[in-house]
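Novice: Before anything else, here's the structure in question.
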Amino acid sequence: MAGLSNVIEEFIKNLIDEMNGVVEIQRNELANYFNCTPSQINYVLDTRFTPYKGYYIESKRGGGGYIKIVKVDLNENNGFNFEHILNDLIGDSITEAKANDIIKTFCEEGLISKKEANIIKAAISDRAFETEVNVRNRLRASILKNIILILVE
């Protein structure tokens with residue numbers, strides 16, 4: 001199914017690009033289009049279009065329900081309060097994997113270089129903290145938020 005997931009992801013990304021960063025789709029219609037179950041669509045949305053990868057998803061269930069996917073353009077102020085997004089996205093604690101997803105998105109958006117991304121990853125890696133997991137994740141969140149706020153000034 002990884003092949004189908006990749007195809008669905010690319011299809012949705014192309015739709016988002018064509019629609020200037022915001023697309024509304026119906027899960028069942030998309031599942032019919034790809035001849036798969038709606039759960040396959042859910043899987044792609046849950047794993048490939050996360051806030052950590054620069055997407056916000058709104059879902060409305062019921063008759064005529066839809067999924068709205070918004071690609072957050074980090075290079076523009078789209079009425080989003082960036083600090084608020086960071087607090088919602090990172091919160092008080094974040095795992096290394098989720099932090100790396102955020103860093104990757106910043107790199108892909110051209111906000112930071114690959115070298116800067118690697119430096120940030122090293123600074124917030126599990127190896128950098130000699131403490132228990134919950135303390136490590138809180139420290140990582142604090143450091144990452146501060147680095148990002150400085151980078152986007």
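The values are calculated or read from the model by the stated rules, or taken from the named source; none is laboratory data. Nothing here was measured: the structure is a model prediction, and the numbers come from that model. When we count neighbours, we look across all protein chains shown, and the Cβ atoms used for this are built from the backbone with ideal geometry, even at glycine.
Novice: If a residue has to be under 19 Å from the mean Cα position of the chain (by Cα) and either surrounded by 14 or more Cβ atoms within 10 Å (Cβ to Cβ) or assigned to a loop (DSSP other than H, G, I, E, B) (or both) to count, how many in region 130-153 make the cut?
Specialist: Count: 10.
Novice: Something else about it: Counting only residues that are of a type in the set (K, R) and within 14 Å of the chain's Cα centre (by Cα), which one in region 1-50 is nearest to V72 (Cα to Cα)?
Specialist: Result: K13.
Novice: Follow-up question, since we're still on this one. So for region 83-100 (the condition being at pLDDT below 80, part of a helix (DSSP H, G or I), out of contact with any Cys (no Cβ under 7 Å at 6 or more places or on another chain) and exposed (fewer than 11 other Cβ atoms within 10 Å of the Cβ)), does at least one residue qualify?
Specialist: Yes - at least one qualifying residue is present in region 83-100.
Novice: Here is a further query. Filter region 105-129 down to the residues that are in a loop (DSSP other than H, G, I, E, B), surrounded by 14 or more Cβ atoms within 10 Å (Cβ to Cβ) and among the small types (G, A, S) and list them by number.
Specialist: If the condition is that a residue be in a loop (DSSP other than H, G, I, E, B), surrounded by 14 or more Cβ atoms within 10 Å (Cβ to Cβ) and among the small types (G, A, S), then S125 is the only one that fits.
Novice: Same structure, new question: Restricting the first residue to region 119-138 and requiring it to be in contact (Cβ under 8 Å) with a residue 40 or more places away in the chain, which pairs with a second residue that is surrounded by fewer than 14 Cβ atoms within 10 Å (Cβ to Cβ) meet a Cβ separation below 7 Å and a spacing of at least six or different chains?
Specialist: Filtered contacts from region 119-138: R138/D92.
Novice: Within the set of pairs 6+ apart or on separate chains, which have a first residue in region 5-23 that is at positive phi, a second that is surrounded by 15 or more Cβ atoms within 10 Å (Cβ to Cβ) and charged (D, E, K, R), and C-beta atoms under 6 Å apart?
Specialist: So the pair list comes out as G21/K71.
Novice: If we scan region 51-72, do we find a residue that is part of a helix (DSSP H, G or I), under 15 Å from the mean Cα position of the chain (by Cα) and either modelled with pLDDT of 90 or more or small (G, A, S) (or both)?
Specialist: Among the residues of region 51-72, not one is part of a helix (DSSP H, G or I), under 15 Å from the mean Cα position of the chain (by Cα) and either modelled with pLDDT of 90 or more or small (G, A, S) (or both), which makes the answer no.
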